[in-house]
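Trainee: What follows is a single structure, and I will ask about it in a moment.
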Amino acid sequence: MRHLLITLLIGLMSFGLAVEHADAKRFGGGKSFGSYSRSASPSSSQATTPPRQAQQGTRAAGGGMSRFMGPLAGIMAGGLLASLFFGGAFDGIRFMDILLIALLGFIAWKVLAARRRATNTGAHDAHQQPQQRQAHDFGGTSSGTAGAMGGAAMASEPAWFSREQFLSGAKEHFMNLQRAWDNNDFEKIQEFVTPELYNLLRKERAEQSANNQTEIVRLFAELGDVREYGQQAEATVLFHGIMKEDGQENEFNETWHLIREVRDQAPWYIQGIEQNNV
């Protein structure tokens with residue numbers, strides 16, 4: 001009975017440390033999927049990234065190893081304690097046995113309690129975030145006619161399109177989507193994406209930890225292209241910067257492909273995400 005109790009506590013400790021270090025991924029899991037804009041090409045999906053920090057490559061390279069250190073440490077500690085207990089180092093129930101068992105139980109309780117607090121905090125922050133416009137409205141539609149815009153639109157862009165408004169809305173919604181992804185809030189995510197991409201995102205998110213925590217350290221947005229195809233318009237936005245995942249700062253560079261109907265106040269929907277090689 002004593003051996004069974006010790007085994008259960010050691011297993012709980014190892015499991016608790018393992019789940020605490022589950023991989024955190026940015027919106028979309030850092031993968032490419034969905035539909036791309038018809039004007040997209042490999043050469044047009046490259047963003048101009050700012051100079052890399054000297055230690056950035058080292059941090060990114062070490063990030064993968066650090067994700068396994070927590071679970072490995074828990075398993076090694078559990079194995080060491082099991083060897084001591086079952087090898088006769090603590091024959092009979094002694095005061096030190098009681099202290100060790102109590103310590104294991106306390107560590108397991110602290111780990112699980114920390115995970116619950118993190119989940120509750122994320123949900124509270126999402127509830128308190130104000131919404132200044134419709135979640136799926138990226139902007140980019142001028143309130144006036146082509147003549148009222150004057151020279152604001154470039155020659156290759158539709159007359160109704162406002163580059164500044166579109167990019168401002170794109171950065172805001174990148175952050176909102178990342179927050180919704182961390183909180184597993186697919187009711188909000190559904191407002192931004194096409195049904196096809198929505199199904200792919202749900203499948204990807206189900207394979208990740210429920211307690212996903214990321215932080216946007218630096219974010220840049222550039223307009224790739226925007227064109228009309230009959231009654232539809234398509235646009236690409238190049239996002240790049242630095243994202244903190246699992247406590248490690250990693251560079252990211254990806255293109256979002258969007259689509260909308262050519263009519264007043266029509267919303268933009270994300271139809272695909274493409275990871276760029278840089």
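Trainee: Which whole-number percent gives the relative contact order of segment 207-255, counting Cα pairs below 8 Å spaced six or more residues apart?
Mentor: 34
Trainee: Show which lysines lie in cross-link reach of Lys188 when reach means a straight Cα distance below 28 angstrom and same-chain residues fewer than eight apart are skipped.
Mentor: Result set, ordered by chain and number: Lys25, Lys31, Lys171, Lys203, Lys244.
Trainee: Given a 1.4 Å probe and the protein chains all in place, what does the accessible area of Glu222 round to, in Å² to the nearest 10?
Mentor: Solvent-accessible area, nearest 10 Å²: 60 Å².
Trainee: Accessible area of segment 151-240 with a 1.4 Å probe: how many percent of it is carbon plus sulfur?
Mentor: Percent of accessible area from carbon and sulfur atoms in segment 151-240: 46.
Trainee: Still on this structure: Rounded if a/c is under 1.5, else prolate if a/b is larger than b/c, else oblate: which is segment 154-235, with a ≥ b ≥ c the root eigenvalues of its Cα gyration tensor?
Mentor: Since a/c reaches 1.5 but b/c is at least a/b, the shape of segment 154-235 is classed as oblate.
Trainee: Here is a follow-up. Would you check the accessible area of Ile98, probe 1.4 Å, heavy atoms only, in square angstrom rounded to 10?
Mentor: Ile98 has an accessible surface of roughly 100 Å² with all protein chains in place.
Trainee: Can you classify segment 195-253 as rounded, prolate or oblate using the Cα gyration tensor, where a ≥ b ≥ c are the square roots of its eigenvalues, rounded means a/c under 1.5, and otherwise it's prolate if a/b beats b/c and oblate if not?
Mentor: Oblate is the answer for segment 195-253, as a/c is 1.5 or above yet b/c matches or exceeds a/b.
The values are calculated or read from the model by the stated rules, or taken from the named source; none is laboratory data. Remember, it's a predicted structure, so these values are computed and weren't measured experimentally. Just so you know, the surface numbers come from the protein's heavy atoms only, side chains and all, with ligands and any DNA or RNA stripped out. Shrake-Rupley method; radii C 1.70, N 1.55, O 1.52, S 1.80 Å.
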